[in-house]
Amino acid sequence: MRIREPYVAGLDLGQAHDPTALVIVERSPAATAADPVCYRVRYLRRWALWTPYPKIVADVRDLLECPPLKGATAGLVVDATGVGAAVVDLFEDAGRGVWVVPVTITAGSEAHEGFEGWRVPKRDLVGILQVLLQNRRLRIAKALPEAGRLLEEMEQFRVQITERGRDTYAAAAGTHDDLVVALALVCWFGEMVVPARIEADDDKPFDTFSPEALQAEWERGHRVKRHFDKKGPPPETSDWMI
């Protein structure tokens, strides 16, 4: 069995003092349609501060046009928060047939799709990432040059409760979270917008998730907030590596 369009790319666009980061994952099929797919991080890149957006567009375009990504990438999910539609539009051409999905990260409570793309609470992005980690469905190739930095960002990511009782999610002071955000965008898109589809031996596509598996994922998602209320360490970083 094989997944149709197994690759998903996530791009966190840096602003004045933040680098831009790209994460590409490959979704792997499980043994049966009732089992969830796994996510394997295959590519990580950070551009230096002040890199012009046209340069980043050209680099992304060249990457997506090369095998094995060409014709096999389900979407390029772009963080549009604070950069404006004009910048995101630059990547429409970079996709060259890849669906470009603008996402504005909010502090709201629900995700919804509008004319200019999705508006997604940061809680949802972090929650999906936590669920995949806890269920050992996310793996990071340790040979990647930026793998260590990604793990550092994940360990430095903090959940804070404000005086009004609202939970916020951000990197620790003095650190960045660009790789984490790019990865979270990929995982959210792959789980909530375009779940993986498998081509069986007879070439008849079917959903990777059965109704039973979808219900199980929904229940896991609603347990996510309770994870942040618990005491204790996050999953061991060694469990994330392949």
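The values are calculated or read from the model by the stated rules, or taken from the named source; none is laboratory data. Model, not experiment: these values are computed from the prediction. We place every Cβ from the backbone using ideal geometry, glycine too, and count neighbours over all the protein chains shown. Just so you know, the surface numbers come from the protein's heavy atoms only, side chains and all, with ligands and any DNA or RNA stripped out. Shrake-Rupley method; radii C 1.70, N 1.55, O 1.52, S 1.80 Å.
Annotations for the structure displayed:
- For region 58-123, the solvent-accessible area with a 1.4 angstrom probe is 51 square angstrom per residue.
- With one equal scatterer per alpha carbon and no solvent term, the Debye-computed log10 I(q)/I(0) for region 1-80 at 0.12, 0.13, 0.18 1/Å reads -0.39, -0.45, -0.76.
- Extension gain (nm, one decimal) between E152 and E110, 0.36 nm per residue minus Cα-Cα: 12.3 nm
- Cα-based convex hull volume of region 41-159 per residue, rounded to whole Å³: 141
- Using Cβ point charges alone (K and R +1, D and E -1), the dipole size of region 1-155 about the Cα centre works out to roughly 660 debye.
- Highest to lowest packing among 72-80, 133-141, 36-44, scored as the average C-beta count within 10 Å: 72-80, 36-44, 133-141
- Gain on full extension, evaluated as 0.36 nm per residue between K142 and D89 minus their Cα-Cα distance, stands at 15.8 nm.
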